[in-house]
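Novice: Submitted below is the structure of interest, expressed as structure tokens.
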Amino acid sequence: MSRVLVIDRGNASVKGALFEDGRIIDRWRVEGTAGETAAWAAESRPGGAAVSSVIGEWNESCGSVLRSEGIENVIFASHDSPWPFTLDIENPETIGPDRLCAAAAIVCGGVSDAVIVDVGTAVTIDILIGGTFAGGAIMPGLEMMLMSLSKGTSALPHIRSEEGTYPVPPGRDTASAIRAGVLGAYRGGVEKLVDLSIERFEDLPPVFLTGGDAGLLTDALSPAPRHYPDLVLQGLKCLYDRQFE
């Protein structure tokens, strides 16, 4: 029995999953303290761990707590990790490891050409061409768009993304007008960036969709996206296997 703990540290929270013999048997989400990570690692008793973090300084504390639980085989995703693809980008040391993990999951699944959309605090649209990670685009996520309106104006309120529905224009009050406008910009922006990314390919590539706000985009993209909520976590497991197995 082989157990591997994978941890994805985003801007807002930490997501984790426990793999046993190649499949996810448990999931976990916390705010992100090292103590919470240690508690879950102790409970799951993995043989090894793979970590992706967009907050670099968090890696040190995470590594310490994992090693304190007796986990010796630990890999932290970075630009020079043993990815199943090549990198064709400038300044690879600056790229978010979550973007590379999502691409790794796709390549390990046997796909070498793809557009990858990850929608969270920020939205990333990346492309794989012939097994090469060629970069992509980054735009604000839905909550960040909503927050920018209230911070950049004197009268507009902060409407949180989970509050209420997103109507089509015209909004009949300020809150609904904000929701309609922001969702339109969000969906339209992602759709346009996906279309521009597809133009880089000779043949129509598959579009992969992941992230917490994916449900707002499934009907906005063409071709219809393949929705994989665990893309980053699966990529971490792929990376661990390439490093230790």
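The values are calculated or read from the model by the stated rules, or taken from the named source; none is laboratory data. Since the model is a prediction, treat every value here as computed from it, not as a measurement. We place every Cβ from the backbone using ideal geometry, glycine too, and count neighbours over all the protein chains shown. The accessibility values were calculated without ligands, DNA or RNA, using every heavy atom of the protein model including side chains. Shrake-Rupley method; radii C 1.70, N 1.55, O 1.52, S 1.80 Å.
Novice: What is the extension gain from residue 45 to residue 195, computed as 0.36 nm multiplied by their sequence separation minus the C-alpha to C-alpha distance, in nm to one decimal?
Specialist: Full extension of this stretch gives 49.6 nm more.
Novice: Please express the shape of the stretch 120-208 as an equivalent ellipsoid: the semi-axes are the square roots of 5 times the eigenvalues of the C-alpha gyration tensor, given largest first in whole angstrom. Intermediate results must be reported in sequence, preceding the final value.
Specialist: Numbers: eigenvalues 201, 37, 17 Å².
So the three semi-axes of the stretch 120-208 are 32, 14, 9 Å.
Novice: Follow-up. Before anything else, pin down the relative contact order of the chain: Cα pairs under 8 Å, at least 6 apart, normalised by residue count, whole percent.
Specialist: Answer for the chain is 19 percent.
Novice: Turning to a different aspect of this structure: Please list, by residue number, every one of the GluC sites (Glu not before Pro) in the stretch 84-152 that is coil in DSSP and has at most 16 other beta-carbon atoms within 10 Å. Don't skip to the end; give the middle numbers.
Specialist: Numbers: sites: 90, 93, 143; in loops: 90.
In loop regions of the stretch 84-152 (DSSP not H, G, I, E or B), the sparsely surrounded GluC sites (Glu not before Pro) are 90.
Novice: With springs only between Cα atoms under 10 Å apart, run a GNM on the chain and tell me which of 98, 173, 113 wobbles the most.
Specialist: Fluctuation is largest for 173.
Novice: Can you give the accessible area per residue of the chain, in Å², using a 1.4 Å probe? Don't jump to the answer; show the numbers that get you there.
Specialist: Values: 11850 Å² over 245 residues.
Result: 48 Å² per residue.
Novice: Rounded if a/c is under 1.5, else prolate if a/b is larger than b/c, else oblate: which is the stretch 54-137, with a ≥ b ≥ c the root eigenvalues of its Cα gyration tensor?
Specialist: Prolate shape, in that a/c is at least 1.5 and a/b is the bigger ratio.
Novice: Another question, if that's okay. So how far apart, in nm, are the two label points at residue 151 and residue 26 if each is 7 Å from Cα heading toward Cβ?
Specialist: The modelled label-to-label distance comes out at 3.7 nm.
Novice: Taking H placed 1.01 Å from N in the peptide plane, check which residues at least 5 places from residue 50 or on another chain put their amide H under 5 Å from its amide H.
Specialist: 5, 6, 7, 75
Novice: A further question on this structure: Below 8 Å, C-alpha to C-alpha, sequence gap of six or more: please give me the relative contact order for the stretch 50-108 in percent.
Specialist: RCO, the stretch 50-108: 41 percent.
Novice: Here's a follow-up. Pop out the Kirkwood hydrodynamic radius of the chain from its pairwise C-alpha distances, inverse of mean 1/r, in Å to one decimal. Provide the component values of the computation, followed by the final result.
Specialist: Details: mean 1/r = 0.0526 Å⁻¹.
Final number for the Kirkwood radius of the chain is 19.0 Å.
Novice: Hey, what's the Cα Rg ratio for the stretch 1-109 versus the globular rule of thumb, 2.2 N^0.38 Å?
Specialist: Against the compact-globule rule of thumb, the ratio is 1.05.
Novice: Further, regarding this structure: Could you calculate the FRET efficiency of residue 219 with residue 91 from 1/(1 + (r/R0)^6), where r is the beta carbon distance between them and R0 is 35 Å, rounded to 0.05?
Specialist: 0.50
Novice: From the phi of every residue in the stretch 85-90, what ³J(HN,Hα) in whole Hz does the Karplus formula 6.51 cos²θ - 1.76 cosθ + 1.60 yield, where θ is phi - 60° and glycine or proline is x?
Specialist: Working through the residues one at a time gives 8, 9, 9, 10, 9, 8 Hz.
Novice: Give the list, by residue number, of cysteines in the chain with no other Cys Cβ closer than 4.7 Å, or say none.
Specialist: Cysteines lacking a close Cβ partner in the chain: 62, 101.
Novice: I need to check one value: relative contact order of the stretch 107-245, counting alpha carbon pairs closer than 8 Å and at least 6 residues apart, in percent.
Specialist: Numbers: 195 pairs, mean separation 32.2, N = 139.
About 23 percent, as a whole number.
Novice: Name the most mobile residue of 142, 221, 204, meaning the one with the largest mean-square fluctuation, in a Gaussian network model of the chain with Cα contacts below 10 Å.
Specialist: In the Gaussian network model the winner is 204.
Novice: Next question. So what does the Cα-only Debye profile of the stretch 148-195 read at q = 0.18, 0.23 Å⁻¹, as log10 I(q)/I(0), no solvent term?
Specialist: Taken in order of the listed q values, log10 I(q)/I(0) reads -0.58, -0.85.
Novice: What percentages, rounded to whole numbers, describe P(r) for the stretch 97-168 computed over all alpha carbon pairs with 5 Å bin width beginning at zero?
Specialist: The calculated distribution, bin by bin, is 3, 15, 20, 16, 12, 10, 10, 9, 4, 1, 0.
Novice: I want to verify a result. In a Gaussian network model of the chain, Cα cutoff 10 Å, which of these has the top mean-square fluctuation: 71, 89, 129?
Specialist: 89
Novice: Here is a further query. What's the longest bit of the chain with no exposed trypsin sites (Lys or Arg not before Pro), using DSSP loop states and at most 16 other Cβ atoms within 10 Å as the test?
Specialist: 1-159
Novice: Using the charge dipole of the stretch 1-107 (Lys, Arg: +1 at Cβ; Asp, Glu: -1 at Cβ; taken about the Cα centre), state which of 107, 17, 65 has its Cα farthest towards the positive end.
Specialist: 17
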